[in-house]
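Asker: Got a structure here, written out as structure tokens. Questions coming.
The values are calculated or read from the model by the stated rules, or taken from the named source; none is laboratory data. Note that the coordinates shown come from a computational prediction; the quantities given were computed from them, not determined experimentally. Positions of Cβ are generated from backbone atoms using ideal geometry, with glycine treated the same way; all protein chains shown enter the neighbour counts. Accessible surface areas use protein heavy atoms only, side chains included; no ligands, DNA or RNA. Shrake-Rupley method; radii C 1.70, N 1.55, O 1.52, S 1.80 Å.
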Amino acid sequence: MQATATALRRHGPSRQLATVIYLEGKAVDDCLEMLDLLVTIELVGKAETATDKERVRQHPKLAKHSATLAAAVETLLKVTEYGEELRLDQVWEAIDAIVPRRELRKAVAAVTEMVPPPDADADGEMRALLASRIATVSGFLKTLTTVIEFGANAEGTRALAAMKQLPRLLDGRKKKVTEADIDPELVTGSWKRLVFKSLPNGSTVDKNAYTMCVLTQFHRHLKRRDVYAEASARWRDPCGQLLDGAKWEAAKGPALVDLQLPEDPGRLLAEHALVLHLALNDVAGRAGQDGVDVSVDGEGRLHVAKLAALPEPPSLIDLRKRVLAMLPRVDLPELLLEVMGRVPEFEAAFTSVAGGVSKLADFRVSVAACLTAQALNIGYTPVVKAGTPALERGRLSHVVQNYLSAETYTLANGPLIDEQGKIGFAQVLGGGLVAAIDGMRFVVPVPSIYTRPNKKFFGRSRGVTWLNMINDRGVGLGAKVVTGTVRDSLHMIDVAFRRDGGPRPEVLVTDTGSYSDVVFGLVHLLGMQYRPALADIPDQKGWRIQDADYGSLSRFARGKIDLEKIKRHWGDILRVVVSIYTGEIRAYDVMRMIQRDGNPTPLGEAIAHYGRIFKTLHILTYVVEEPYRRDIKGVRNLQESRHALAGKIFHGRKGEIYQRYYKGMEDQLGALGLVLNCVTLWNTFYMDRALDQLKAEAYPLAEEDLARLSPFVRQHINVIGTYSFAQPDLGPAGVRQLRNPDEPDWEVDIL
């Protein structure tokens, strides 16, 4: 797909057919993304906003008339206490003395107009607005189900059938619509009042309201994958992607051995039950003791002291200052060229779409220029140099189109990850088996169907999230572009399994908002530990398996884990887990498949019960073990430092992305991730050399100070100005000369 049209024309029939099928899938993906955008943002989102504004506007009027009615009813309640001898005229006389009857009738009429009927749901006003905006999607709906072939499971069949009938209702020839022309079973709640009513043309059904009723239900089932498009890559049937038959039998054995999961869960669940029982007893016994920060209040809620920042000893402050002062100053393009020279596999990863290695002269310079343009978000004009063949506009365009893509970035990242892990300073930072996953937000000011609004992160614009993973050595392992600000938990496992290189992490760390019981279950079933940060400890609910007395923790562990439910669904759980492990299905699709509007299916509930074992163990360890909390905080701080470095590098165009299509966003942020790893490797290499020199000079180096140094220091790296791509002269040793930390810094003096 990266080849030119001429090259595609030369393909044989089988490759041409494959290309057409691929393009069809991409077109269906884009079409359904547009549908999702229309319904979520343009229809439902704007209708909800308009409804909220109208309620705010009406509030003073409603409050005034409600106060009038309240005064009348209060008087009525008082006078009725006089007994059964009270006459109606006496009641009205008492009420008229407080509220004149004319004002009372006016208040009743106003409140009746503004407040929905008692049997209406809260969405009635919003749905009425939806029905008035049929023109937004009517043209779309007339052809959607005729050009895209949809399938459905039992839950989505009725909505799909009704959706296929909409073109007949919307073609303009059907003037009179009655209940015989629609599916009344789909019309529920406040839709009944909007759909079923007599109209001047003799219809007993409001066609626009019914269309929106069907569309919103179809969209809901599509998001849940009860309705799916098989030609699509992102909207197809997850159940059809699960391993089955001979493929399941072939993959099951090796995968279950790797994941250490038995086909009979009895013994495994018994072991988990014992561990959880002992942990609850242990924490209950330790709570409130001297030296333990956790306490339990009268309602059974856990409280733990806030982590105090570790003091920075003078030795650490001086070491940071001295190491930073020793790092050579470098322009980012020269840094990239130096890394390419030091890691030959990095440059070799940039092969053409046909798999060939470039024979262009100074190919390394062209690649560095393209990476600089994309990662710094400055475009190609600042790096183009007329008269320099490797930096001519035509050469750069050729390299970008044929050698640079998210796929080649993934191949190039692997050698960087391996090389950084070999350096002594990186090994001091961590073992490489703990990973943190978090999102970095980017505003996209140009129209794109792959963006979503969020005022907190994007203001009045829309944007995307770059969900990226780093290990405890600071190097990026993988990333994924996510539309808008979707919950990270839906994509987190996919990022962990789509890493570019390095060993698979054994521990995953995320922020507070990225976890759920189902995620706990899936992550631990997939052979990893899940350790999200917890910001709301008192609100956390614990779970138990045994009916035992856990003292002060009895109310905390008030939830009951159903082991029998886990056992009943164990076969399906294994099939789902192995399918994710072998790459047959994305974890994102599984999360969609096992949840229904925020509520898990029976299979999802079984996975959630399994996850609650490890969630409770995580909470208990989190509150009693301060080093456990500090380790989580430490790797999250490390990722925030990487994001700060990314912000400095991606400085052009106010740090906003101007790519309209997902592929362009993926390629540009892939270039940013690759350049970040180049900087991390370069910093790690020279910091290691600086530490070796300090050690040789008998400078005191404490292990605890070394572990608190950051590979994301950036003051010595220049990313602004004219960009030179001259090959750096590193001398016979092949490295730059370290600076003297005791010499004055002329840049600091000038500033």
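Asker: Report yes if some residue within segment 251-261 is in a helix (DSSP H, G or I), exposed (fewer than 14 other Cβ atoms within 10 Å of the Cβ) and touching an Asp or Glu at 6+ places or on another chain (Cβ under 8 Å); otherwise report no.
Answerer: Within segment 251-261, not a single residue is in a helix (DSSP H, G or I), exposed (fewer than 14 other Cβ atoms within 10 Å of the Cβ) and touching an Asp or Glu at 6+ places or on another chain (Cβ under 8 Å).
Asker: Every residue in segment 291-326 that is open to solvent by 70 Å² or more (accessible area, probe 1.4 Å) and closer than 29 Å to GLU703 by Cβ, please.
Answerer: Selection gives GLY291, ASP293, LYS306, ALA309, LEU310, PRO311, GLU312, PRO314, ILE317, ARG320, LYS321.
Asker: Now a separate question. Mind listing just one residue for me: the one in segment 331-350 that is farther than 18 Å from ILE649 by Cα and either assigned to a helix (DSSP H, G or I) or out of contact with any Leu (no Cβ under 9 Å at 6 or more places or on another chain) (or both) and, of those, most open to solvent (accessible area, probe 1.4 Å)?
Answerer: The selected residue is GLU345.
Asker: Ok, one more. Taking segment 30-53 only, how many residues are within 20 Å of VAL227 (Cα to Cα), open to solvent by 30 Å² or more (accessible area, probe 1.4 Å) and not polar (S, T, N, Q)?
Answerer: 4
Asker: Among the numbered criteria (1) touching a His at 6+ places or on another chain (Cβ under 9 Å); (2) open to solvent by less than 30 Å² (accessible area, probe 1.4 Å); (3) part of a loop (DSSP other than H, G, I, E, B), which single criterion is violated by ILE566?
Answerer: Result: ILE566 fails condition (3) only.
Asker: Could I ask something else about it? How about segment 606-627: which of its residues are open to solvent by 40 Å² or more (accessible area, probe 1.4 Å) and either in contact (Cβ under 8 Å) with a residue 12 or more places away in the chain or part of a helix (DSSP H, G or I) (or both)?
Answerer: The answer is THR621, GLU626, PRO627.
Asker: Being open to solvent by 10 Å² or more (accessible area, probe 1.4 Å) and in contact (Cβ under 8 Å) with a residue 12 or more places away in the chain is the filter; apply it to segment 368-384 and report the residue that is farthest from GLY647 (Cα to Cα).
Answerer: VAL384
Asker: Also, quick follow-up: Please specify each residue of segment 351-382 satisfying the condition of being in a helix (DSSP H, G or I) and either out of contact with any helix residue (DSSP H, G or I) (no Cβ under 9 Å at 6 or more places or on another chain) or among the polar types (S, T, N, Q) (or both).
Answerer: SER366, THR372, GLN374, THR381
Asker: Additional query: With farther than 20 Å from PHE346 by Cβ and open to solvent by less than 70 Å² (accessible area, probe 1.4 Å) as the only criterion, which of GLY647, GLY673 stands out?
Answerer: Just a single option satisfies the conditions, and that option is GLY647.
Asker: Go through segment 417-468 and give me each residue that's of a type in the set (Phe, Trp, Tyr) and in a strand (DSSP E or B).
Answerer: Listed by number, the residues that qualify are PHE442, TRP466.
Asker: OK, next. Could you tell me which of the residues MET593, MET492, MET528 is surrounded by fewer than 21 Cβ atoms within 10 Å (Cβ to Cβ) and within 21 Å of the chain's Cα centre (by Cα)?
Answerer: Sole residue among the options that is surrounded by fewer than 21 Cβ atoms within 10 Å (Cβ to Cβ) and within 21 Å of the chain's Cα centre (by Cα): MET528.
Asker: Would you tally the residues in segment 183-216 being assigned to a helix (DSSP H, G or I), farther than 15 Å from LEU169 by Cβ and without any contact (Cβ under 8 Å) to a residue 60 or more places away in the chain?
Answerer: 2
Asker: Still on this model: So if I check each of THR157, THR51, THR112, THR136, which one is modelled with pLDDT under 85 and under 32 Å from the mean Cα position of the chain (by Cα)?
Answerer: On the way: THR157 fails: modelled with pLDDT under 85; THR112 fails: under 32 Å from the mean Cα position of the chain (by Cα); THR136 fails: modelled with pLDDT under 85.
Testing whether each residue is modelled with pLDDT under 85 and under 32 Å from the mean Cα position of the chain (by Cα) leaves just THR51.
Asker: In the list GLN546, GLN540, which residue meets the criterion of being at pLDDT below 90 and not charged (D, E, K, R)?
Answerer: GLN540
Asker: Scan (1) outside any loop (DSSP other than H, G, I, E, B); (2) in contact (Cβ under 8 Å) with a residue 60 or more places away in the chain; (3) open to solvent by less than 30 Å² (accessible area, probe 1.4 Å); (4) not acidic (Asp, Glu) for the single condition VAL482 breaks and write down its number.
Answerer: With respect to (1) outside any loop (DSSP other than H, G, I, E, B); (2) in contact (Cβ under 8 Å) with a residue 60 or more places away in the chain; (3) open to solvent by less than 30 Å² (accessible area, probe 1.4 Å); (4) not acidic (Asp, Glu), VAL482 is out only on (2).
Asker: Please pick out the residue among LEU76, LEU86, LEU23, LEU17 that is part of a loop (DSSP other than H, G, I, E, B) and either in contact with an Asp or Glu (Cβ under 7 Å, 6 or more places away or on another chain) or free of Cβ contacts under 8 Å to residues at least 40 places away in the same chain (or both).
Answerer: Of LEU76, LEU86, LEU23, LEU17, the one residue that is part of a loop (DSSP other than H, G, I, E, B) and either in contact with an Asp or Glu (Cβ under 7 Å, 6 or more places away or on another chain) or free of Cβ contacts under 8 Å to residues at least 40 places away in the same chain (or both) is LEU86.
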